[in-house]
Amino acid sequence: MSAPSGHIIIVVGAGPAGMAVANMMAKAGHEVIVLNRDIKFGGLAEYGIFPNKLKLRGGLRKTYWEILDRPNVHYLGNVSVGQNKDVTVEELRMLGASAIVFATGAQGTKTIGVEGDSAKGVFHAKDVVYHFNQLPGFGDRPFDMGKHVAVIGVGDVMVDIAHWLIRYKKVERVTAIARRGPAERKYNPKEIRAICSNMDLEGLKKEFDRVRQRLEAVGQKPDDLFKGITDEFTKCEPTTSTTRISFRFLASPKRVLVDASNRVRALEIEETKLEPKGEDTAAVGLKQFYEFPVDSVVFAVGDRVDETVGLPYKGGVFVTNPNKTLNDPDDSLFQAYDEASGKIVEGVFLAGWARKASEGLVGVAKRDGEWCAEVVTRHLGTKSSRSQGTAEEILRKLHRILKERGAHAVDVKGLRTLESAEKEHNGPGDCIGEFKFSTNNDMLATIENRAGKSHASSTH
Ligand SMILES: Cc1cc2nc3c(=O)[nH]c(=O)nc-3n(C[C@H](O)[C@H](O)[C@H](O)COP(=O)(O)OP(=O)(O)OC[C@H]3O[C@@H](n4cnc5c(N)ncnc54)[C@H](O)[C@@H]3O)c2cc1C
């Protein structure tokens, strides 16, 4: 680590992007204060990545512990930043840190704005993913999926949702609905291995025949595409249910149709055709509609940022500086920008999915955090003074605000207590435990209880 710099950096969000920023800033000798909405660090690495990816999740966890164990990194979990939350952006800006980085991910929900999308049986992928990864607030909520589930979208998140439906819900059928065709599928071929044992190959063949002419009309070769898609169904993981997976291509959901109790009974779908659009294709509606019976619908069409954080926001994203710089990486892409005043929000930066919602895997978010750290370093180079006060002083002011709001922040010591309590439930040898406390109250009570006990034993 470099010599102490006198700069204090606040990082909001402890997912892959925020942790990468914290790592780089701490290595450069700055004091880093990490604030995180969830008690635990990791973001979607903890509460998004499919639970059985033990190696990936375990490795990330180990890396993040190493970052948080640095003496110049100060972690406060269970602290939400935003309007009507534990601390506001303005309050953070008044604390006197040299820079604040928002790496809060994409917490808002994106819908495609169809009628009936708030009916019973309509779900948003992120909520489902948070549910099966037991994020407090989601873990203990029922997700009643019925027998036939339509997942809107054909990316990796669709695969994860289908995987959960196969493995845990054991539904009869999952249909992935795509506005465009098989050539435009977005999932990673490696990911499909998790679900390809359950693929309805007969159904897939029929689906290709159904859309054959429309694919050929734009020069695509359905037989080659069929071979391409099915060639990826190798090394399929053994299945644990009889769930059938199918695709519905060139299908644009128009309405969610409900029964008398406002429960999903079908999707109204419009047939589409493909039209060339530069290098890519676009789906164009054919004004032919049909009903597709399903019991529930999961929208897996990406996310948007959470506008209640209180940063300048427009159309699903936080606004960044439109005035490009010649630097690489370009500073403007990471700088929060206030369109009303036409000025950058001095000292406030964005990284990861907070900057580009739903963009890429953990490695992409990490790299984004590292680029952001480079931009922050350039910013620090332009400042004539250091932070106003020491990390301890800034933390004291912060704790005062949190106390006023009745917030219960959890530090690294609390996290260690929690980790050992969860490990006991799992027994020895379980490298990444299945057991997680599913509510914040259970976590806080466990931490307090154990802290009380160790205090009692140390005073006897
Ligand atoms: C379903 C799903 C499965 C995935 N599977 C994989 C996979 O298998 N492999 C892979 O490499 N990538 C996977 N990814 C992608 C990967 O998870 C993301 O690329 C990465 O997590 C994005 O990192 P981030 O730090 O920008 O945001 P996030 O991971 O979302 O982290 C955001 C953090 O900010 C905190 N936060 C949010 N709002 C506030 C607030 N107001 N105040 C304070 N803190 C706040 C949250 O608590 C969270 O800790 C998956 C993503 C999803 C959605």
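Quick notes on this structure:
- Top-ranked residue in segment 343-384 [being among the polar types (S, T, N, Q), in a loop (DSSP other than H, G, I, E, B) and over 21 Å from LYS126 (Cα atoms); ranked as farthest from the ligand (Cβ to nearest atom)]: SER384
- Residues satisfying the stated conditions in segment 63-97, i.e. part of a strand (DSSP E or B) and either hydrophobic (A, V, I, L, M, F, W, C) or at pLDDT below 95 (or both): VAL73, LEU76, VAL81, VAL87
- Among the residues of segment 298-320, none qualifies, meaning not one is over 24 Å from the mean Cα position of the chain (by Cα), charged (D, E, K, R) and not in a strand (DSSP E or B).
- Some residue of segment 271-279 being in a strand (DSSP E or B) and under 23 Å from THR109 (Cα atoms): no
- Single residue of ARG193, ARG210, ARG179 found to be in a loop (DSSP other than H, G, I, E, B), touching a Phe, Trp or Tyr at 6+ places or on another chain (Cβ under 9 Å) and under 25 Å from LYS147 (Cα atoms): ARG179
- Candidate set from segment 185-207 (those that are surrounded by fewer than 19 Cβ atoms within 10 Å (Cβ to Cβ) and touching an Asp or Glu at 6+ places or on another chain (Cβ under 8 Å)); member that is farthest from PRO51 (Cα to Cα): LYS186
- So ARG180, is it buried (at least 18 other Cβ atoms within 10 Å of the Cβ) and in contact with a Ser or Thr (Cβ under 8 Å, 6 or more places away or on another chain): yes
- If the condition is being among the hydroxyl-bearing types (Ser, Thr, Tyr), modelled with pLDDT under 95 and assigned to a helix (DSSP H, G or I), then segment 433-458 contributes SER454, SER457, SER458.
Listed here are the residues, each with its yes/no results for (1) at pLDDT 95 or above; (2) closer than 30 Å to LYS169 by Cβ; (3) not β-branched (Val, Ile, Thr).
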| residue | (1), (2), (3) |
| --- | --- |
| ALA282 | yes, no, yes |
| LYS287 | yes, no, yes |
| LEU311 | yes, no, yes |
| GLY315 | no, no, yes |
| VAL319 | yes, no, no |
| ASN323 | yes, no, yes |
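- Residue within segment 287-299 that is touching a residue at least 24 places away in the same chain (Cβ under 8 Å) and within 16 Å of the ligand (Cβ to nearest atom) present: yes
- Among the residues of segment 304-341, those that are without any contact (Cβ under 8 Å) to a residue 40 or more places away in the chain, closer than 18 Å to GLU90 by Cα and not polar (S, T, N, Q) comprise PRO312, TYR313, VAL319, TYR337, ASP338, GLU339, ALA340.
- Within segment 135-154, considering residues that are surrounded by 19 or more Cβ atoms within 10 Å (Cβ to Cβ) and in a loop (DSSP other than H, G, I, E, B), the one farthest from the ligand (Cβ to nearest atom): MET145
- Scope segment 1-30; condition outside any helix (DSSP H, G or I) and within 11 Å of the ligand (Cβ to nearest atom); matching residues: ILE10, VAL11, VAL12, GLY13, ALA14, GLY15
- Pairing each residue of segment 31-55 that is outside the structural domain of VAL128 (by TED's automatic domain parsing) and in a helix (DSSP H, G or I) with any residue that is among the β-branched types (Val, Ile, Thr) and more than 6 Å from the ligand (Cβ to nearest atom), provided the two are 6+ apart or on different chains, yields C-beta distances under 7 Å for LEU54/ILE432.
- Of the residues making up segment 218-249, those that are loosely packed, with under 12 Cβ neighbours inside 10 Å and of a type outside the set (Gly, Ala, Ser) number 8.
- Restricted to segment 97-130, and to residues there that are more than 11 Å from the ligand (Cβ to nearest atom) and more than 18 Å from ALA266 (Cα to Cα), the residue that is nearest to the chain's Cα centre (by Cα) is THR109.
- Only one entry in GLY342, GLY316, GLY352 is surrounded by fewer than 20 Cβ atoms within 10 Å (Cβ to Cβ), small (Gly, Ala, Ser) and within 25 Å of VAL159 (Cβ to Cβ), namely GLY316.
- Qualifying residue in segment 82-92 (condition: more than 10 Å from the ligand (Cβ to nearest atom), surrounded by fewer than 21 Cβ atoms within 10 Å (Cβ to Cβ), polar (S, T, N, Q) and over 26 Å from ALA194 (Cα atoms)): yes
- Of the residues in segment 44-51, at least one is over 21 Å from ALA409 (Cα atoms) and either out of contact with any helix residue (DSSP H, G or I) (no Cβ under 6 Å at 6 or more places or on another chain) or away from the ligand (no atom under 13 Å from the Cβ) (or both).
- Subset tally (residues that are within 15 Å of the ligand (Cβ to nearest atom) and either among the aromatic types (Phe, Trp, Tyr) or closer than 13 Å to VAL412 by Cβ (or both)) for segment 59-72: 4
- Residue match in segment 167-176 (condition: among the hydroxyl-bearing types (Ser, Thr, Tyr), more than 15 Å from the ligand (Cβ to nearest atom) and either surrounded by fewer than 24 Cβ atoms within 10 Å (Cβ to Cβ) or under 19 Å from GLY203 (Cα atoms) (or both)): yes
- ARG416 passes every criterion in (1) touching a residue at least 40 places away in the same chain (Cβ under 8 Å); (2) surrounded by fewer than 19 Cβ atoms within 10 Å (Cβ to Cβ); (3) outside the structural domain of LEU326 (by TED's automatic domain parsing) apart from (1).
The values are calculated or read from the model by the stated rules, or taken from the named source; none is laboratory data. A quick note: this is a predicted structure, and the numbers were derived from the prediction, not measured. Don't worry about glycine lacking a Cβ; one is built from the backbone with ideal geometry, like all the others, and counts go over all protein chains shown.
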